[in-house]
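Enquirer: Handing you a structure now.
Taken together, the values in this text are just the output of simple stated rules run on the coordinates, not laboratory data. All values reported here derive from a predicted model rather than from experimental measurement.
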Amino acid sequence: MKKPLLSLVVLLTMGTSVVFAQENRKSLKKKEKTEAVAVAADPADVMKFKNEVHDFGNVKEGDKAEYEFTFVNKGKKPITIQNVTTTCGCTSPNWSKEPVAPGKKGSVMVSYSTPGRVGPINRQVTVMTDAGNKVLKISGTVVAKPTASVPQNNSAIKAN
């Protein structure tokens, strides 16, 4: 009596294991399909920027260095820019706050603060949207502002 009962318990255990394994396989396939759809919705496919990189060239220290990155929503749903971050505090972004409808344009304005920052500009701006993230880049060189156009008079003549 013990042997048939034991065999029955083993058979039931194996049967339920097979059923759970099949369910796990189905859920894995479903997860793979979902991930494939998520990968297909790449922000590069949805947000088509006119330029993703801007070179300011040589900018005099103290002059404005700003550029407006524009994009078109090539997707089927509106895109909302949730946030824009930069790699340092010397770069400040401003962006379209309203959702950008399919086929419409949006923008991200980037300003680089030049006073006291002589040297190369190499910054990244990350645009975070509900369609994913997109990295834009600015570059250039801040050159020192010219010295006074009228030379100083350092003569040895003293006034009384």
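Enquirer: For segment 43-143, compute the number of Lys pairs whose alpha carbons are separated by less than 12 Å, excluding pairs fewer than 8 positions apart on the same chain.
Expert: Lysine pairs, 8 or more places apart or on different chains, close enough: 9.
Enquirer: Let me ask something else about it. Relative contact order, percent, of segment 43-143 when contacts are C-alpha pairs under 8 Å separated by at least 6 residues?
Expert: Values: 249 pairs, mean separation 36.9, N = 101.
So the answer I get is 37 percent.
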